[in-house]
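A.B. asks: First the structure, then my questions, so here it is.
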Amino acid sequence: MEALLTAAFLSSLLTGAIVAGIPLLLAGLGEQMSEKAGVLNIGIEGMMLAGAYLGFLTAWTSSSIWLGFLGGIAGGILVAALMALLCVVLRLNQIVIGIALTLGVEGMTALLHHFQFSRTYPRLPAPDRVDLPFLTDIPVLGPSLFGRHPLVYLALISVLVLAFLYRRTNLGLTLRAAGEKPAALDVAGGHVIAIRSAAVLFTGGMAGLGGAYMANIGAGLFIPYMTGGAGFIGIVLAMLARGRPLWVLAGALIFGAALSLTTALQVAGSNIPTDVIQMLPFAAVMLVLVIWGRRARLPAALGVGYERGAR
Amino acid sequence: MSASSELDDAAPAQSPRRSSRWLQRFVLVTLGPILAALVVSGIVLLLFGVDPLEYYGYVVRRGLLSSLGLQQTATRMAPLLFLAAGLIVAFRAGLWNLGVDGQFLLGAVAAAALAPSLVDILPGWAMLVAGFCVAALVGALWSVVPALLRAYQGVNEIITTLMMTFLGVSLANVLVKLVFLDPTTTVPQTRTLPVPDRMPRLFDTTISSGMIWGILAVLAVHLMMTRTAFGLRLRTVGANPHAAAHAGLNVPLLTVAVFAISAGFAGLAGASEVLGVTGNIQADWNPAYGLMVIPLVFLARFHGVGSIILIFLYSTLLIGAESAARRVGVPQDFTLVLVSSLLILLALAEWLDARRSWTES
């Protein structure tokens, strides 16, 4: 047990929690917006992957990691636009279209990767970091927490911004109305379809950014299927958080830590099999659901397309 | 997409006018999207500098027209059919069992662990039956938590079944690598069931008899859901759980039953792959058939015969594409693009069809 508490172990665990947790945080925050507005966005895995591919492609061709992030956002929004058109405007089944979009993006990006990169396997240079003065010098915590890429801090700030948006603004109320009682919002003069479409596009942007973070900072390259279920974890985080952005942050860090525990334990010289550790976050979620399941509340009109005048 | 079967109503009618309407509808809702998806995916191939006609031609020749290819196609159908049987039950009852991959893998592990140790004790057929039964039981057990949460706490089953799949995949790996590891080989895998002890092959071919059982399973499920009182109850729960409760049905109990049946079939699918084809499980094996069968069952609108036909076509595509990856230089991932565009176009066609019949009436 003492070996587990070394500085190297804690440092690699914290670093891992952040590196693996930030994409989950972005995906979870994005999904939360869609769910609030009444759209169950199962296509988020595809949006992340599109963001990872396009984000890497832009970063690689422009040699600018920031343009890469914009590319990632664009990639996610591109898929989200399809989702908004098919599921919000035309009211097609959200689960079928979500799975279809994810499968399509998986296939397309794998093909693109095959024809573009499979011979060269280009890699991005290590990203810049922002070392916050003094704070970085704290032992163990310092380099892990305060020596990260600026995007990490932006993601953390977005948690507070979203919390404020949901709690204190009219827009937050409008979003909730679109998810709880779309007909009431319609009668009050709100535009359900526009609100829901905007929420889905926001989800796409956040998921795409999360994917681009995985490709450009986490890995430094694009690999087919590299998101590996991160989008699905994002869906779970959003459902467990019951509409609270801060809870998404807590969940993302816990999941991130669990996902990176394997590497940290290897640093500490432990020999617990990786598969056992990989089960921990999912087992924890199931336990939470078993204990507090009854209280997990979802918007009333989640997953139901809105048609004006329909009975 | 409603749970009611539209193809049942669309059976060929007597009067010529109605049959021409039926043909129109068939072209619009089924044939049209398939052709359109082939065209859309063909354009994708063109963009990558591949001749679509050459690719499609190769896939058909390899997966359907060559004797070996056809046998491989038929063998590949077995696990997909069992999965489809389970999904038809769940989807018609309005429950989203998206966790079939975990149930499939754990069923497979159970069969792989049990069968080789029973070979010397039981006669061949009894060993196979025992393997299938245990696989179904383990698959069903893996759905108990999502089922109870859904039935008595109202927790969304999409999330819980997805979670249980992630858990199940890791657990299957743990079991294969740590518990049921074959000590006599260096490859991390379970003990191998000798070829003569596996499920019999059909006639003089290499086709596993699992395909026949799979077809029977899908047909049985289809008849159960459309022709029996039990099936009607399940469909009522699927169409409107509140109305079903008012009609005196024990909705929570039926929910648990649906999950058990659905996951049990997923376990059978795993057993059919292990006892019929592979004979063992290698570490990190996860074919992830479930995520592909879900859209196929949707395309068939939860119809048994439709599912069988689509699974046959999909197996052809899989076997053809596996070989095309080597010969034509298009990675297998292309099948995902094709299935994805097919799903979206099919949903669109259904939307158009609904609008059309609405304006006509």
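The values are calculated or read from the model by the stated rules, or taken from the named source; none is laboratory data. This is a predicted model, so every value here is computed, not measured. No Cβ is skipped: glycine too gets one built from the backbone with ideal geometry, and neighbour counts run over all protein chains shown. The protein model used for the area step is the full one, side chains on, heavy atoms only, and it has no ligands, DNA or RNA in it. Shrake-Rupley method; radii C 1.70, N 1.55, O 1.52, S 1.80 Å.
A.B. asks: Tell me, which residue of segment A:100-120 that is over 15 Å from A:A50 (Cβ atoms) and facing another protein chain (nearest Cβ under 8 Å) is nearest to the chain's Cα centre (by Cα)?
C.D. replies: Per the stated criteria, the residue is A:H114.
A.B. asks: Given (1) crowded, with 18+ Cβ neighbours inside 10 Å; (2) charged (D, E, K, R); (3) not in a helix (DSSP H, G or I), where does B:R235 come up short, assuming only one miss?
C.D. replies: Result: B:R235 passes all but (3).
A.B. asks: Given (1) buried (at least 24 other Cβ atoms within 10 Å of the Cβ); (2) within 14 Å of another protein chain (Cβ to nearest Cβ), identify the lone condition not met by A:A252.
C.D. replies: Exception for A:A252: condition (2).
A.B. asks: Sticking with this one: Go through segment A:283-305 and give me each residue that's assigned to a helix (DSSP H, G or I), at pLDDT 70 or above and in contact with a Gly (Cβ under 9 Å, 6 or more places away or on another chain).
C.D. replies: A:V285 - this is the single residue of segment A:283-305 that is assigned to a helix (DSSP H, G or I), at pLDDT 70 or above and in contact with a Gly (Cβ under 9 Å, 6 or more places away or on another chain).
A.B. asks: Note down all Cβ pairs under 7 Å where the first residue falls in segment B:118-136 and is within 18 Å of B:A266 (Cβ to Cβ), the second is open to solvent by 20 Å² or more (accessible area, probe 1.4 Å), and they're at least six residues apart or on different chains.
C.D. replies: Here the result reads B:G131/B:L114; B:F132/B:L268; B:V134/B:L114; B:A135/B:L268; B:A136/B:L268, each pair linking segment B:118-136 to a residue that is open to solvent by 20 Å² or more (accessible area, probe 1.4 Å).
A.B. asks: If you don't mind, there's one more thing I want to ask. Please return the ranges of helices (runs of 4 or more DSSP H) entirely within segment B:272-361 where 2 or more residues are within 9 Å of another protein chain (Cβ to nearest Cβ) and of a type in the set (A, V, I, L, M, F, W, C).
C.D. replies: Per the criteria, B:290-299, B:334-360.
A.B. asks: From the residues in segment A:34-56 that are modelled with pLDDT of 95 or more and open to solvent by 10 Å² or more (accessible area, probe 1.4 Å), which one is nearest to B:N156 (Cα to Cα)?
C.D. replies: Here the residue is A:A50.
A.B. asks: For segment A:159-193, which residues satisfy the criterion of being outside any helix (DSSP H, G or I) and either at pLDDT 90 or above or of a type in the set (A, V, I, L, M) (or both)?
C.D. replies: Within segment A:159-193, A:T169, A:A188 qualify.
A.B. asks: In this structure, does B:S41 turn out to be part of a helix (DSSP H, G or I), at pLDDT below 80 and more than 30 Å from B:M224 (Cβ to Cβ)?
C.D. replies: Taking the combined requirement at face value, the residue does not satisfy it.
A.B. asks: Give the residues of segment B:238-254 that are within 21 Å of B:I88 (Cβ to Cβ) and open to solvent by less than 50 Å² (accessible area, probe 1.4 Å), sorted by residue number.
C.D. replies: Initially, segment B:238-254 is screened for residues within 21 Å of B:I88 (Cβ to Cβ), giving B:238-241, B:244, B:249, B:251, B:253-254.
Passing the criteria: B:G238, B:A244, B:L249, B:V251, B:L254.
A.B. asks: Another question, then. Against the conditions (1) surrounded by fewer than 21 Cβ atoms within 10 Å (Cβ to Cβ); (2) hydrophobic (A, V, I, L, M, F, W, C); (3) part of a loop (DSSP other than H, G, I, E, B), where does B:M199 fall short? Just the number, please.
C.D. replies: Every listed condition holds for B:M199 apart from (1).
A.B. asks: Something else: Name the residue, out of A:V105, A:V96, that is touching a residue at least 12 places away in the same chain (Cβ under 8 Å) and part of a helix (DSSP H, G or I).
C.D. replies: A:V105
A.B. asks: Which one is nearest to B:V256 (Cα to Cα), of the residues in segment B:154-191 that are more than 9 Å from every other protein chain (Cβ to nearest Cβ) and without any contact (Cβ under 8 Å) to a residue 40 or more places away in the chain?
C.D. replies: Top of the filtered list is B:L181.
A.B. asks: Considering every residue within segment B:220-230, establish whether at least one is closer than 23 Å to A:V96 by Cα, part of a helix (DSSP H, G or I) and of a type in the set (A, V, I, L, M).
C.D. replies: yes
A.B. asks: A follow-up question, please. Could you list all residues from segment A:212-242 that are within 22 Å of B:V169 (Cβ to Cβ) and away from chain B (no Cβ under 14 Å)?
C.D. replies: A:M214, A:G218, A:A219
A.B. asks: Of these, B:L46, B:L31, B:L35, which one is assigned to a helix (DSSP H, G or I), away from chain A (no Cβ under 14 Å), exposed (fewer than 14 other Cβ atoms within 10 Å of the Cβ) and at pLDDT 90 or above?
C.D. replies: The conditions single out B:L35.
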